[in-house]
Amino acid sequence: MTGRGGRYRVSVRQDLRPAPLSGQVLKRYVLAALERLPAGSADVRVRVVGARMIARWNRDFLGRDRPTNVISFPDSDLPATPGSAVSGDIVVSAPTCMEQTTGWTEPAEARVFFFVLHGILHLAGYDHEAGGGQARRMRRREMALYRTVLAAGRGRW
């Protein structure tokens with residue numbers, strides 16, 4: 001699915017069967033976030049996996065031997081700058097996300113999107129690992145974008 005005249009390419013692949021989410025709805029959330037980021041262009045590939053698979057990715061790529069909710073892999077080693085291209089892969093564990101959002105009233109796609117959005121912000125150059133001001137900046141942006149995208153999609157998707 002593309003948006004903004006083809007500048008934003010988004011694909012969603014679900015490894016779990018039956019597929020736990022509407023891929024079309026998840027794509028719409030991602031496109032809406034990219035438009036509001038804003039990104040000069042985007043090529044974002046989302047892969048929805050289970051807890052065991054993401055634990056393996058987390059161990060192999062980040063040295064953390066446990067499941068996590070989301071991991072992002074930018075296409076470039078160069079740091080992203082505001083308004084630049086957002087490009088890379090996002091691996092998200094639907095079961096882990098659902099477990100971590102127990103009690104939320106949003107549909108499954110919106111709950112998983114919260115974590116996908118976190119990955120998008122990493123691809124866009126945001127970081128929270130060092131803590132402090134960077135972490136607060138990323139969290140504020142994440143929450144504002146999440147609320148805006150959900151409000152824009154309410155009743156439409």
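The values are calculated or read from the model by the stated rules, or taken from the named source; none is laboratory data. Everything numeric in this text was worked out from a predicted model, so none of it was measured. Glycine gets a Cβ as well: all are built from the backbone with ideal geometry, and neighbour counts include every protein chain shown.
Summary of values
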{"read-out": "Any hit, the stretch 28-45, residues being touching a Pro at 6+ places or on another chain (Cβ under 8 Å) and of a type in the set (S, T, N, Q)", "value": "no"}
{"read-out": "Within the stretch 69-105, considering residues that are of a type in the set (Ser, Thr, Tyr) and crowded, with 18+ Cβ neighbours inside 10 Å, the one nearest to Tyr8 (Cα to Cα)", "value": "Ser87"}
{"read-out": "Some residue of the stretch 127-138 being surrounded by 14 or more Cβ atoms within 10 Å (Cβ to Cβ), modelled with pLDDT under 95, not in a helix (DSSP H, G or I) and not charged (D, E, K, R)", "value": "yes"}
{"read-out": "Pairs with Cβ under 9 Å, 6+ apart, first in the stretch 84-102 and free of Cβ contacts under 8 Å to residues at least 12 places away in the same chain, second aliphatic (A, V, I, L, M) and surrounded by fewer than 24 Cβ atoms within 10 Å (Cβ to Cβ)", "value": "Glu99/Ala51"}
{"read-out": "Top-ranked residue in the stretch 16-27 [being assigned to a loop (DSSP other than H, G, I, E, B) and touching a helix residue (DSSP H, G or I) at 6+ places or on another chain (Cβ under 7 Å); ranked as farthest from Glu99 (Cα to Cα)]", "value": "Ser22"}
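For (1) over 14 Å from the mean Cα position of the chain (by Cα); (2) without any contact (Cβ under 8 Å) to a residue 24 or more places away in the chain; (3) surrounded by 16 or more Cβ atoms within 10 Å (Cβ to Cβ); (4) within 24 Å of Thr81 (Cα to Cα), each residue gets a yes or a no:
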site	(1), (2), (3), (4)
Leu16	yes, no, no, no
Pro20	yes, no, yes, no
Tyr29	no, no, yes, yes
Leu34	no, no, yes, yes
Pro38	yes, no, no, yes
Arg47	no, no, yes, no
